[in-house]
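Before any comments, here is the structure.
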């Protein structure tokens, strides 16, 4: 049973990590908590659903949904956050504006899509589980764990190993002076929105495939977990998001398996509050916490 | 001899691996105007942020009248009589000039929450006295006519003077002025200089950062020169401007000569 | 009493009570926003007040005034625990920590036998009414006006405009932030207790994230130039779905759109008038 | 002048033609509070559909008291305060003599006391929680409480499948699934079935692997689940993926009694047992007529909420006729005496205003994506 529970936890943790990656990247570079982020997850799942219902292969639908969500994220950022950046509005204004936008977008999606739960056509992917020494895993679960690892590696390379990453880090540290250093700030902001939105969209497709539970509000539920993951991992810390996602996923699963499933959901938030008390800069503590 | 008003003792701060202020020591004697000069990036504003408590030091000590203040938060230092202005003015945009000055009296004003809620006699008295003093201070910096204007709407030079009035409202033992003449036209600079001379005559201790060397040389009793985070020279104005190290690092030969010429 | 007046009062009783209670909630949000902080835990504080008061009334029949007092103290304590670690961090942390508080509380309510789990608590006697609700709102308004026109009000506005400069003038930033959060939690707790005692039934879902966002939208729409503004915002947003029933269909859309539009285009809210911050006559002495 | 006189004459002529016909009378308007918008609106809309279908038939048959019957709908959006406002509007403003709804038990706990205060009968068609009719003497319900349905299901499973030990799972964040669990717990104890473990989840959860892995290791004979469609389907899928054998059946409460379960869970739903106060394929003529009419009008299958609403409107119409006036007090007294034979089976109220007859309960089983009677 323990082996199976560890696999369960690994899958849940990878999902949390996948979801938190784009969220933390947005904060790390753009310096805003963008609450619309969870919405891209819902939209990604629905776009892929519609595509596959029209006979498109999931391997095409997945990148299509990711790109479309990235594009939506760019538009939302341009409409809501760019004006605030320009007006040098206080940091919390962007949090509030995305909060309102989230409510607006979910309400619209709910009206347009209804809250009925839906699933991918069963022919889209082989959903059956294989038995490995008594532990059952599905293809989708392998896909989720694999892509979480691969995407973290790719993002770390992008941020630390590429020329683009230098620009992104400059933008993160000194948004006003980055422009002076020949960094096209506007383009980088759009790029980060694109990547983050795409990550959320792809994550939505994978969740939809794994659980067969596609619903407009699916992103909202993930968002609450996302807060815990990015605080525990350290706001803006990509490696932290991976580790924190796995920790929370595993702890939740083990709590449900060996303590009580009723307190499972408290694990993430308990860790959130604990992190704030003990180590506000997160697991790795590398991110300079902005002090008041 | 009594302790100096401000004593900076082997102060160091590092950002990442870089030392922005590196083992600097100097003292500001009570009742003097002390200048802090040096090229851009020398660590002057960082030094101000260290003294006023916006940046925690990596090593060293800061003493105000012999008492260590380097572990205190900025508001704790303000209560002990340390006031400052900012290089890029920080106004409370929506407040009137009068309210702005009264905000500066925060730590000197004895108004408890219950007193304010019940509008007790003590509260009314404190508020009225503060108001009277705020009018005086506005008159002192020449802004009495602008008392009811939104401070964010005041012209640049007036905002600088309002910021000084706000700092004076704190009844400081030490006033830190970060480039008070920056962006001012010559006549505004002269008015400012007259204002500071008046404060100096009242015995206020001032530490100032300024790029206008004529202004600094005329006003200061003592000058400390920073370069790349280190102290490279200090002394009376005539000594500093003659110091070849300072001329080389900051002033340049031409400026140094012009400073020596009678104005 | 003539029948039609009686009918009128009956018909609009819940609405009239909601106006007052939401006004109190808007004020609880105002205290925090007024010094530049953001709490998304107002609904959680409200729920805490509601549950504590309902349990005290139902289980041990405590006197109503005592019940209200307890409903303010318990959320205050929670505010201390959640608020304290975030005070020296950027404002984002408080916002996230208060969301966390709401979730932890929801899980507690759902799993505790005492609170009736998802079934909530029903049969709470009607003890609140016009006097307790509007009396509380009136007292809170007067108190906020007096506080705004004192050194405390000046310090709060200074913090909102420029925290750094306020600190350099001697404003004890963490103390102010914590005090504001505690007062805000007390007010929300009071509102929750009053609400529980006029609706007779409470359950955990009443105090979720959506409720927190609604409370924020009251204050944002009204503005924070004076304590009247958030109350106005609460009144408008409470009446809107009643007056425009067709809008009720799109309540989420309307609330969301209001927040977005106000923050971007009208950061001062509807009521832009800014109350003075001096508690005496500001006439120039001759 | 002439034209005016002509118009008047035309009007009185028209009035004469319609005199006596129910359509021209001021209708008898009753109120209904349902969730018509928001995340839970599918329940409210099914209920409204059921009402409207029955309303057409009642009015085609001459209405009540010589006038057509009408329903004034108010939307609660699933929000307690809005439900309260709606009830006050209906009672104080529109002066309705009776209220149908509200949709959720939670809303009834808030609205019920107001109806009782004003002595207006209020009839829940979908409020199954314990304690609903205890709110007061004007609160009725036509839906069989879970307490009447679940024991039948569990007893059948014990007798026909030999279920001796079970694992229990329930959604603990929802009043409906929580009260379903309370009933299950009591029924299991009464039947002497051993409960190996009790696991909870949230209604919006998607991952149930931790709970089901634990359950799998305990080897239960069956898994008793109180969940709504969303979580229920997820549990069925995860059960299959984790390799829990098909012989371990899922026994559900009313929440799993939905045609939506197999559309999501597909073959993983097969074998699921639920008890139902109503079943779409019940062969009697009244039911088949209802199903056909519903499909014709709304182009979709009815669910039990629609069926309960459909029956309820006939019960209420009968009570108004029996009362002889649109008077709340008289309608209340008449309601207590109504006997109706509808799509749910024979119906009457107990003295406590709950449904008296449980003979309509059927245990049904999912097979190949459709429910059928469990034999």
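To make sure I understand, if each residue's beta carbon is the centre and we count other beta carbons within 10 Å, what order do A:272, A:47, A:108 fall in, fewest to most? Sorted ascending by nearby Cβ count, the order is A:108, A:47, A:272. Highest mobility in the GNM of chain A, judged by mean-square fluctuation with C-alpha springs under 10 Å and restricted to A:132, A:191, A:81, is found for A:132.
Computed per residue of the protein assembly as shown from DSSP H runs no shorter than four, each worth -39500 (n - 2.57), the mean residue ellipticity at 222 nm is -18000 deg cm²/dmol. For a paramagnetic label modelled at 7 Å from the Cα of residue C:4 toward its Cβ, which residues of segment D:93-128 fall within the zone defined by backbone nitrogen distances under 16 Å? Label zone hits: D:93-95. Compared with the direct C-alpha span, the chain from residue C:261 to residue C:59 gains 68.2 nm at full extension, assuming 0.36 nm per residue. Can you tell me the 0 to 90 degree angle between the C-alpha axis of helix A:218-233 and the longest principal axis of chain A, rounded to 10? That works out to roughly 60 degrees. Taking a ≥ b ≥ c as the square roots of the eigenvalues of the alpha carbon gyration tensor, segment C:80-142 is oblate, as a/c is not under 1.5 and a/b does not beat b/c. Relative to the longest principal axis of the C-alpha atoms of chain D, give the angle of the C-alpha long axis of helix D:2-18, reported between 0 and 90° and rounded to the nearest 10°. Taking Cα atoms only, the helix is inclined about 50 degrees. Segment D:105-124 to segment D:135-179: how many Å between their Cα centroids? Using only Cα atoms to place each centre, the spacing works out to 23 Å. Entry note, segment A:1-128: relative contact order of 29 percent, from Cα contacts under 8 Å with a spacing of 6+ residues. The C-alpha atoms of the protein assembly as shown occupy a region whose extents along the principal axes are 117, 86, 69 Å, arranged from largest to smallest. Computing FRET efficiency as 1/(1 + (r/R0)^6) for residue A:153 and residue C:77, where r is the C-beta to C-beta distance and R0 is 56 Å, gives about 0.80. Beta bridges per DSSP, both residues in the protein assembly as shown: antiparallel share near 45 percent. Expressed to the nearest 5 percent, the antiparallel share of DSSP beta bridges inside chain B is 55 percent. Using a Gaussian network for chain A with springs between C-alpha atoms less than 10 Å apart, which of these wobbles most: A:131, A:237, A:77? Residue with maximal mean-square fluctuation among A:131, A:237, A:77: A:131. Decide, for segment C:6-88, between rounded, prolate and oblate: order the square roots of the alpha carbon gyration tensor eigenvalues as a ≥ b ≥ c, take rounded if a/c falls under 1.5, and otherwise choose prolate if a/b is larger than b/c, else oblate. Oblate is the answer for segment C:6-88, as a/c is 1.5 or above yet b/c matches or exceeds a/b. A Förster distance of 30 Å, applied to the separation of the beta-carbon atoms of residue B:12 and residue C:88, puts the FRET efficiency at 0.85.
Rounded to the nearest 10 degrees, the inclination of helix A:139-161 to the longest alpha-carbon principal axis of chain A is 20 degrees. When chain D is treated as a GNM with alpha-carbon contacts under 10 Å, the residue of D:274, D:168, D:116 showing the greatest mean-square fluctuation is D:116. Here the contact order of segment D:129-195, divided by its residue count and restricted to Cα pairs under 8 Å and six or more residues apart, works out to 37 percent.
Applying 1/(1 + (r/R0)^6) with R0 = 56 Å to the Cβ-Cβ distance of residue B:173 and residue B:248 gives a FRET efficiency near 0.95. Between residue A:274 and residue A:259, the distance separating the two model label sites (each 7 Å from Cα on the Cα→Cβ line) works out to 0.8 nm. Taking the DSSP bridge list for chain D and keeping only pairs wholly inside it, about 30 percent are antiparallel.
Per-residue Cβ neighbour counts within 10 Å put D:73, B:250, A:258, D:181 in the sequence A:258, D:73, B:250, D:181, beginning with the fewest. Placing pseudo-labels 7 Å out from each Cα toward the beta carbon at residue A:142 and residue D:284 gives an inter-label distance of 5.5 nm.
Approximating the spin labels as points 7 Å out from Cα along Cα→Cβ, the residue D:300-to-residue B:238 distance works out to 9.6 nm.
The ranking of C:231, D:264, D:28 from fewest to most other beta carbons within 10 Å of each one's beta carbon is D:28, D:264, C:231.
Every number in this text was worked out from the coordinates using simple rules, so none of it is lab data. Model, not experiment: these values are computed from the prediction. FYI the Cβ positions are ideal-geometry reconstructions off the backbone, even for glycines, and counts take in every protein chain you see.
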